[in-house]
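See below for the structure under consideration.
The values are calculated or read from the model by the stated rules, or taken from the named source; none is laboratory data. Nothing here was measured: the structure is a model prediction, and the numbers come from that model. Neighbour counts run over all protein chains shown; Cβ positions are idealised from the backbone, glycine included.
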Amino acid sequence: MRSSCKGLVDYIVHTYKYGVEVGVGHFPDVALALVDAGLQVFATDIKPFQYRGLKVIVDDITEPNKPLYAGAELIYALWPPVELVPYMERLAKEMGAALIVKPLSSEYPGGRLIHWEKTTFFLWCPS
C-alpha cells in the first residue's frame, strides 16, 4: 500500500465500520486493508474487477444503484476524476453517509480538509 494511504486506512478504521470504495480500479489496497482490519467493505467500478477477499460490484456513480449503498456509513474514493465528486456527494447525502475523497495533490474537490497522520483527504459529513 502506498504510504500516502496508510493514514487514510487508520482514520477509516478508527471512525467507521461499513464503507464502500467507489472506482476501485487497479488499486484495491485500501479496501483490502480495511477488510483485513475487520471492516465491512465492498468496492464499485464501471468495469468488472476481481480481487481475492474483496467484493467488487459493477456500478456507475453517475447513475448509482442506490440500494447497493444502503446502510453504508462511508463512501470513499481515491484519486477520482474531479467531475465525479458531485455525484459522490449527492449519493452520500442521500444515503446519510460520510464521504471521503483522496484527490491528486493538485486538486481541491471541496469538503473539509483533514490531516490524519501523514495523509490528507477531504471529508463531507452527513447532516
> For the subset of region 56-69 comprising residues that are in contact with a helix residue (DSSP H, G or I) (Cβ under 7 Å, 6 or more places away or on another chain) and of a type in the set (A, V, I, L, M, F, W, C), which member is surrounded by the most Cβ atoms within 10 Å (Cβ to Cβ)?
Replying inline: 61
> Taking residue 113 and the conditions (1) assigned to a strand (DSSP E or B); (2) out of contact with any helix residue (DSSP H, G or I) (no Cβ under 9 Å at 6 or more places or on another chain); (3) at pLDDT 95 or above, which numbered condition does it fall short on, given that it satisfies the others?
Replying inline: (3)
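Residue check: is residue 72 crowded, with 16+ Cβ neighbours inside 10 Å, free of Cβ contacts under 8 Å to residues at least 24 places away in the same chain and of a type in the set (Gly, Ala, Ser)? Let's see the steps before the verdict.
Values: crowded, with 16+ Cβ neighbours inside 10 Å: yes; free of Cβ contacts under 8 Å to residues at least 24 places away in the same chain: no; of a type in the set (Gly, Ala, Ser): yes.
The answer is no for residue 72.
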>> List pairs: first residue in region 27-47 and of a type in the set (Ser, Thr, Tyr), second residue not in a loop (DSSP other than H, G, I, E, B) anywhere in the structure, Cβ distance under 6 angstrom, at least six positions apart or on different chains.
In response: 44/22; 44/57
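For every residue, the table says whether it meets (1) crowded, with 20+ Cβ neighbours inside 10 Å; (2) acidic (Asp, Glu); (3) farther than 20 Å from residue 117 by Cα.
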site: 7; (1), (2), (3): no, no, no
site: 15; (1), (2), (3): no, no, no
site: 37; (1), (2), (3): no, no, no
site: 40; (1), (2), (3): no, no, yes
site: 43; (1), (2), (3): yes, no, yes
site: 54; (1), (2), (3): no, no, yes
> Restricting the first residue to region 89-100 and requiring it to be buried (at least 24 other Cβ atoms within 10 Å of the Cβ), which pairs with a second residue that is modelled with pLDDT under 95 and of a type in the set (Asp, Glu) meet a Cβ separation below 7 Å and a spacing of at least six or different chains?
Replying inline: none
